[in-house]
Amino acid sequence: MGDGAGGGRYRREDVARAAGVKVRNLRYYQERGLLPPPRREGRIAWYSDDHLTRLRLISDLLGRGYTVNGIAELLQAWEGGGGLSGLLGLERELTRDWVREEPVTMTRAELRELFGPAATAEDTRRAAELGYVTVDGDLVTHRSPRLLDATLALVREGVPLADILDAGEFVQAQAAALADRFVGLFRRHVIGPAGLERLSAKQLQHITEAVTALRPVAGEVVTTEFARAMARRVDEEVAELLRTEQ
DNA sequence: CTTCTTACA
DNA sequence: TGTAAGAA
């Protein structure tokens, strides 16, 4: 959070890699109006954090089966609401903290050292496929230090990495479903049927505040319910173990 | 030489 | 979506 969020400090290749899209598609998205043009400085194009956020949103939506045109419409509706600055503000609110973690980069050797012989190249490939890491030559970048730590903790307890990745894939699907559910609620009851198209600056402000207020609620509900489910399940498991060992 | 664009398959 | 060719 040191320097201003405005400017632009990514080159074409950098944003593309960070967002997990191909460089070729930057231009494509631009042409389709999904991505604002970068700031130009001579022959180099500078992309900002806002571009990166937008790019991640686009590739995520695309990955879930939305069409390019569908996304264009959505984005257009948003822009109609509060102008570009309002849109970018809301977009930031919607995704903050969920994508804000600072990635960690290490060499393959360092990765092996962390995981020990348990980690195969196949595991790395799979982790990349699931979006946990991106591989660039000898460098491996993990999206989330927290997830990396959690994975390491499990591996050190003897859980096979392949099984952890299976669990990760499952959790991703469930998490996406949960997020869809919450976003659906939000859309229906906070934004309303009118959509964002003709909202005043004040209304947009209210929505932004609502997002800020409600985001922790969604997390709260999920962690609480998860804790309860885990407690129940663990109790059952313990009871079962005690039964069979008698 | 590198970074982008244009244009075509 | 890949890529050859040209502009800057």
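State whether one or more residues within the stretch A:114-127 are of a type in the set (D, E) and open to solvent by less than 50 Å² (accessible area, probe 1.4 Å). Yes, the stretch A:114-127 contains a residue that is of a type in the set (D, E) and open to solvent by less than 50 Å² (accessible area, probe 1.4 Å).
What are the residues in the stretch A:14-57 that are open to solvent by 80 Å² or more (accessible area, probe 1.4 Å) and without any contact (Cβ under 8 Å) to a residue 12 or more places away in the chain, if any? Within the stretch A:14-57, A:K22, A:R24, A:R27, A:E31, A:P37, A:R40, A:E41, A:R43 qualify. Please verify whether A:V15 is under 25 Å from A:E101 (Cα atoms), at pLDDT 80 or above and within 11 Å of DNA strand C (Cβ to nearest atom), treating the condition exactly as stated. No. Can you pull out the residues in the stretch A:121-145 that are assigned to a loop (DSSP other than H, G, I, E, B) and of a type in the set (S, T, N, Q)? Selection gives A:S144 alone. Filtering A:L165, A:L148 for residues that are hydrophobic (A, V, I, L, M, F, W, C), modelled with pLDDT of 75 or more, in a helix (DSSP H, G or I) and touching a helix residue (DSSP H, G or I) at 6+ places or on another chain (Cβ under 7 Å) leaves a single hit, A:L165. Right, A:V222: surrounded by 14 or more Cβ atoms within 10 Å (Cβ to Cβ) and at pLDDT 70 or above or not? Criteria met by A:V222.
Across the stretch A:43-58, the qualifying residues are those that are at pLDDT below 85 and touching a Gly at 6+ places or on another chain (Cβ under 9 Å), and the one among them that is nearest to DNA strand C (Cβ to nearest atom) is A:R56.
The values are calculated or read from the model by the stated rules, or taken from the named source; none is laboratory data. All of these numbers come straight from a predicted model, not from anything done at the bench. As a convention, Cβ positions derive from the backbone with ideal geometry for all residues, glycine included, and neighbour counts pool all protein chains shown. Note: areas computed on protein heavy atoms with side chains; ligands, DNA, RNA excluded. Shrake-Rupley method; radii C 1.70, N 1.55, O 1.52, S 1.80 Å.
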